[in-house]
Every structure is written in structure tokens, then in C-alpha cells.
């Protein structure tokens, strides 16, 4: 039974998101101020670093910043970066990961943990041979999939720092992946895949939360996004869209979007969407040649029954009664 689970997970991810997340290697680092480190390095995979203790100064793509305990840093493939320990000691977990559009390549990558690596050598990158095609698929594509957004990739920089409320969840998952990668336990590949998918979903939630939090300190930004979403609803209400679609369009969670929309416009996004549909349906109902079921379809309702319920709730009468009132 277990042998069938991994292929099933892979098929599901490939059909839904177009790619499979793969952790090639997980390691633990303990660096001191006096530890020799490479001046600069770059890898063909994504690199995720979770800082368990201490502080690190990173220079990534020419930008220098300090990483504090509990922070997560994701560095994109082929990005030049360097690390310096300003004082004391820093302990960290490091994962090298990527995305594959091919299940066979992903399976091969999962089995490529090098046995001959000399742990005493300075480690400046993954010890495994990472397939070129696997390492370069977009991180945003998978994050968009896990957050329910099927639109274009969000603008991206050469690195991402996450330092919010999800640090404990990220730490636990990264630690489990590192420990799992060390041993050859039963169903190791399946466990690695499950943990990796969970990690990608957690990263997605963390990034979404930080994006929303940033809006609270940017004057007018939330209002700007609400107005963009309102315009989206105005132009697409007849296509069967949902509030979740509108929230994803402006990269907000549905809960935050609903609150921001109500605060700005005095009505919930669902209420606004229903009002737009009913207003348009009233215009169409005055044309006696269009069947009521046709009106329901043209304004975005999935069925005449749902249309009747929504219309009666807002107008106090059925669509047919409204039509008759206009025919007098």
C-alpha cells in the first residue's frame, strides 16, 4: 500500500501544480566567528536556511543584511551569496531544494544523498548532483498553487526573508526533513515528499501573512488593492467568479480581503458581487425573450435555483414576479 502512495502524490501534484517539490539534501551547520567560510558561492538549487541560534550577516546579490535567530532565508538558484558570523556562534539548518516537472527525475534526485562526503570539509553547497532541469522551476509557481492562486508569478527578488509567526512551524519541518534525510528508514522517500509539500505550504502561508502585515503599515496600500479587486469584480461578475478569486487576484487571503473590502466600501465582497449580479439581471429580465434560466447563466449563477434564492433575498420577489411587474 505504501509503495502506491508516493506515485499517487506525485501524479496529484503534477496534474494540479505542474511540478513536484524536491529536497535534495538537508544538513546542520554550526559556525563560529573564526570558522573559515567561502568568500562567495552559488548553487543550481534553491537554498533554504533556518537560523536556530545566533546572528549571521549575509550578502546576497550585492545586498548585505543581518539575519536574526528564528528567521528563514531562501536564496534563489545561481545567486551569489556569502555569510559572516559577526560574533559568537550561529547554528542553522540548511535545505537545498527545487521543483521537477518529471516524477522520475524527482525520484532520482531524492536518492542522490552522497555517501562519500567528508563531514570535516568546509561545506559551501549541496554534496549531491542536482539535475539541471529540476532546480530552476519557479518557487512562486508552487507557492501560488498552494495558496490557491493560478495567476501570474508575483514579482520576485534574489532572496526571501521570513521572520514572522510561522518560524516554529518552519523550524519543526526543516528539522524533521534534515533528520529524515540522514537515515534510510522504511518509506523514507514518501516521508520526505510529504514533509516537503507541507513545508512549501507553510512557506506559502508565511509569505502571505507577511504580505498582509506589510499592508497595515503602508498608507493607502490596502485601499488600492480593494479598489483593484472591486474593478476585477465589476468586469468579471458574470463569469461565475468567487470572493476567493478576487482575493487571490490581489494576493490576499480571503479573510483579510473580506475585512479590508468591508472597511473600505461598507459592504462585504460577497454582498457586492451579489448586488452586481442582481442589478444586471434586472436589466435582462425586462427583455421578455430571454428565459429566466438564461438570465441566471448570463449574470454568473451556477443554477436557476441559486439565482432565484439570491434574487428573492435582495428584491423581495422572484425573478418571474419582477418580470411580470415590468410588463404591466
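The values are calculated or read from the model by the stated rules, or taken from the named source; none is laboratory data. Keep in mind that this is a model prediction, so the values were computed, not measured. Backbone-built Cβ (ideal geometry, glycine too); neighbour counts: all protein chains shown.
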Some residue of the stretch 229-241 being in contact (Cβ under 8 Å) with a residue 60 or more places away in the chain and within 22 Å of the chain's Cα centre (by Cα): no
Residue match in the stretch 40-54 (condition: crowded, with 20+ Cβ neighbours inside 10 Å, at pLDDT 85 or above and not in a strand (DSSP E or B)): yes
Residue within the stretch 89-103 that is part of a helix (DSSP H, G or I), in contact with a helix residue (DSSP H, G or I) (Cβ under 9 Å, 6 or more places away or on another chain), in the same structural domain as residue 189 (by TED's automatic domain parsing) and modelled with pLDDT under 70 present: yes
Candidates 306, 323, 259, 275 - the one that is within 30 Å of residue 169 (Cβ to Cβ) and either in contact (Cβ under 8 Å) with a residue 40 or more places away in the chain or out of contact with any strand residue (DSSP E or B) (no Cβ under 7 Å at 6 or more places or on another chain) (or both): 259
Any hit, the stretch 6-14, residues being in the same structural domain as residue 184 (by TED's automatic domain parsing), assigned to a strand (DSSP E or B), surrounded by 13 or more Cβ atoms within 10 Å (Cβ to Cβ) and at pLDDT below 85: no
Residues satisfying the stated conditions in the stretch 278-287, i.e. surrounded by 14 or more Cβ atoms within 10 Å (Cβ to Cβ) and either touching a residue at least 24 places away in the same chain (Cβ under 8 Å) or not in a helix (DSSP H, G or I) (or both): 278, 280, 281, 282, 285
Every residue from the stretch 177-234 that is at pLDDT 85 or above, within 26 Å of residue 71 (Cβ to Cβ) and out of contact with any helix residue (DSSP H, G or I) (no Cβ under 8 Å at 6 or more places or on another chain): 178, 179
Qualifying residue in the stretch 248-256 (condition: free of Cβ contacts under 8 Å to residues at least 60 places away in the same chain, surrounded by 15 or more Cβ atoms within 10 Å (Cβ to Cβ), in the same structural domain as residue 298 (by TED's automatic domain parsing) and over 18 Å from the mean Cα position of the chain (by Cα)): no
Qualifying residue in the stretch 288-302 (condition: outside any helix (DSSP H, G or I), more than 23 Å from residue 236 (Cβ to Cβ) and at pLDDT below 90): yes
